Amino acid sequence: MKPPKTLILLILDGAADRPVDGRTPLSVANTPGLHRLAEHAVCGTHYPVAPGVAPESDLATLSLLGYDPERYYTGRGPLEALGVGLELREGHEVAFRANFATIDPVTRQIIDRRVGRSLTSEEARQLAEALDGMELSGGDGYARVRATIGHRAVVIIGSRSRRLSAAVQNIDPAYVRRGLISEAVPNPSMILPRCEPLEDTPEARYTCRLVDEFVDRAIEVLEMHPVNAERAKRGLLKANAVLLRDAGDKVPHLPPITNIVGLDAAYGIAEMPVEVGIAKAAHMEPIPVSPPSGDIARDMPERLEATLSAVRRGGFVYVHLKGPDEPGHDGDFERKKEAIEQIDKHFIQPLLESINIDEVAILVTSDHATPWSLKSHSGDPVPWMLSYAAINEGPGRFDEMTCSEKARAKLKHGWELLPLARRILGL
């Protein structure tokens, strides 16, 4: 087999699912593009991180790029910060992924972790500016706050004189930390918690003190903010709290992705700050695209052109597409199926019409399963498919059941996938 000049890793965020009555959104979706890829392909399954682990996208993506999270992961917060261009003062700052949320400020009951997904990026920017630069602990501590997309933000808690530690529990009951890894919690208690140190050290205890002060004062500032007053007039949920999770106090030091895939260049096309941060940490050249608009048909042409520009240069191309994950969280089978169909129609099919399939291999998978029946990430195995014209076989379909039945390999860890693809392709 002649090795390809380009390898595309296409990650369909949350597209994988758990079969119900022998059906998944992926298995019933009308996907001519994926079916064409499945004509010349090998396939299988993998656990994105490890069997039974229900990972967040950052942990799973890092793993799928060939990096063992146990060795390289330093928390999601630093990756989010890197993705929006914030530098971290290691030892004295801790970065968190943050959500603006809606709570009852008296009882601390969480009404909606994402403000009903109705908060605009501009509203979030104004709210973040009101919190940015907050002085904590009599002036020794401070908070840096940067809104990203929609209800999402990055929060950096810092100290001017004391060392801090990322060994603190999430201030978001939907995810629990086990070491540096966060796992989804089924049916969590929706009360805004206090910060708990994960280590009995002065650094962790002081970090929690600063975190609790920031969270409490943020509620006071946000509850009365003009943005929320206007939202209340329009019958919308207030963004009156900040949930913090996935603390990290250092940026991961990753070997170049080119070492893993055996190609000379690497490019990253990602929509969200955390995936942009991962691409930067892996020494890829990020190709910027606009944030997701919520309209897949509208968004895909820009992602397609960015991908084609990388393919024309040759090398490894990491593409991360949103769409199927959100309806999975909403428990909406039909909308998840439609999201997969839209990606196939507006990205995969025109991609195949625009590339030389004799020179480009495509590895398709998901970063995790988001079963619509569960409404959260799960630890289920995820299908993968490696398509290349020189492969003289094919499963004919790409879905969870087919890839399990016709598996070339069932991998226990996502970081084994790219090395396997490299061996199969002879890179």
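Points to keep in mind about this one:
- Prolate/oblate/rounded call for the range 189-330, Cα gyration tensor, a/c under 1.5 rounded: oblate
- Computed E for K5/S373 - FRET, C-beta separation, R0 60 angstrom, nearest 0.05: 0.90
- Built amide H within the under 5 Å cut-off of H92, gap 5+: L164
- A simple spin-label model places the labels of E39 and R18 3.6 nm from each other, with each point 7 Å out along Cα-to-Cβ.
- Local electrostatic count, A390, Cβ distance below 13 Å [Lys/Arg +1, Asp/Glu -1]: -2
- Cut-off 12 Å between beta-carbons: net charge of the residues surrounding L351, Lys and Arg +1, Asp and Glu -1: 0
- Between T201 and R312, the FRET efficiency from the beta-carbon distance, with R0 = 35 Å, is close to 0.10.
- Three-way shape call for the range 79-248 based on the alpha-carbon gyration tensor, with the a/c threshold at 1.5: prolate
- Residue by residue, the range 41-58 carries 3J(HN,Hα) couplings of 6, 10, 8, x, 9, 8, 8, x, 10, 6, x, x, 8, 9, x, 6, 4, 5 Hz when phi is fed to the Karplus relation 6.51 cos²θ - 1.76 cosθ + 1.60 (θ = phi - 60°); x denotes Gly or Pro.
- For the range 255-261, 3J(HN,Hα) per residue [Karplus equation, 6.51 cos²θ - 1.76 cosθ + 1.60, θ = phi - 60°, Hz, x = Gly/Pro]: x, x, 4, 4, 5, 7, 9
- E223/S293 FRET efficiency (R0 45 Å; Cβ-Cβ; nearest 0.05): 0.95
- nm² value of the averaged projected area, convex hull over the Cα atoms of the chain: 19.2 nm²
- Counting 0.36 nm for each residue step from R163 to A265 and taking away their Cα separation leaves a gain of 32.9 nm.
- Overall dimensions of the range 42-103 by Cα: Rg and Dmax, Å: 14.5, 48
- The range 230-243 - phi-based ³J(HN,Hα) in whole Hz, Karplus 6.51/-1.76/1.60, Gly and Pro as x: 5, 5, 4, 4, 8, x, 9, 5, 7, 8, 10, 7, 10, 9
- Of the residues A98, S63, G85, the one whose Cα sits farthest toward the positive end of the charge dipole of the chain, with +1 on the Cβ of Lys and Arg and -1 on the Cβ of Asp and Glu, is S63.
- Amide H to amide H distances under 5 Å link L411 with T45, H46, Y47, where only residues 5 or more positions off or on other chains count and H is placed in the peptide plane.
- In the chain, taking the dipole from charged Cβ atoms about the Cα centre, the farthest positive-side position among Q342, V176, S293 is held by V176.
All of the numbers you see were taken from the coordinates with simple rules; none came from a lab. Nothing here was measured: the structure is a model prediction, and the numbers come from that model. Heads up, the Cβs are rebuilt from the backbone with ideal geometry, glycines too, and the neighbour counts pull from every protein chain shown.
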